[in-house]
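The structure appears right after this line, and notes come after that.
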Amino acid sequence: MKAKIQAKYYKPFFFYFYKRVREIIPKDVHVSVGDFVVRDKPFTQCDTSVLIGISGSFLVGRSIMSMDTRVAIEIAEIMSGQPIDSFADDAQSAICELMNIIVGNAVSTLGLTFEQIKFTPPKLFYGRAVKTSINESSLTIMRQMTTGWGNIEFNTSLDFSTYNKRTKT
């Protein structure tokens, strides 16, 4: 039962990651998507990451989208409709907004209201070791999209310990 509950909550995050990024990337840019990976080392592998924390009465978690800065600039240029020379304010805002869209769509698809679940504003990190798990027992799942510009990782870690405790009583 636990795996079934978790799959229900993980699936929309990955669905909207692929859908929204694919809507942005031009059709002539090659895209492939890897399998789901359960991360044994809960750290990102790319140099630019956007994190959104998730909390509710039955779960806590975080989603992190990571990519090399070059990929982030390419996506930000398309989103803004103008050339971008560096990963400065406009590019950072565009990547953070993409993450907001992905997580917002996932939460809406789950049929959750903002009274049931909340998420933090996106936070931008630089470095290849942003920790993706909440705690040792939380499950981190990653899916990677390879584009003509480089890789984009999407990690989601959810902890249902509050929910699991409530269902046992």
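Contact order normalised by length for the stretch 26-98, with contacts defined as Cα pairs under 8 Å and 6 or more residues apart; what percent is it?
For the stretch 26-98, the relative contact order is 21 percent.
Check which residues have an amide H placed less than 5 Å from LEU139's amide H, if you skip close sequence neighbours.
Correct list: LEU158.
Determine how large the accessible area of TYR18 is when every protein chain is in place; take a 1.4 Å probe and give Å² rounded to the nearest 10.
Number for this one is 100 Å².
On the full set of protein chains, 1.4 Å probe, figure out the accessible area of ASP89 and give it in Å² to the nearest 10.
Probe radius 1.4 Å; accessible area of ASP89 about 110 Å².
Charges only on Cβ, +1 for Lys and Arg, -1 for Asp and Glu: so what's the dipole of the stretch 21-76 about the Cα centre, in debye to the nearest 20?
With only Lys, Arg, Asp and Glu charged at Cβ, the dipole is about 160 debye.
Of the options THR44, ALA76, LEU59, report the single residue whose Cα projects farthest towards the positive end of the charge dipole of the stretch 27-97 (beta-carbon charges: Lys, Arg +1; Asp, Glu -1).
Of the candidates, LEU59 comes out farthest on the positive side.
Among THR120, THR147, what's the order by accessible area (1.4 angstrom probe), most exposed first? Mind dumping the intermediate values first?
Details: THR120 60, THR147 10 Å².
Descending accessible area places them as THR120, THR147.
To one decimal place, what Kirkwood hydrodynamic radius in Å is obtained for the stretch 23-108 from all pairs of distinct Cα atoms?
About 14.6 Å, per the Kirkwood formula over Cα pairs.
The values are calculated or read from the model by the stated rules, or taken from the named source; none is laboratory data. In this text, all values refer to a predicted model and were calculated from it rather than measured experimentally. Please note: Cβ atoms are built from the backbone with ideal geometry, for glycine as well, and neighbour counts cover all protein chains shown. All accessible areas refer to the heavy atoms of the entire protein, side chains included, with ligands and DNA or RNA removed. Shrake-Rupley method; radii C 1.70, N 1.55, O 1.52, S 1.80 Å.
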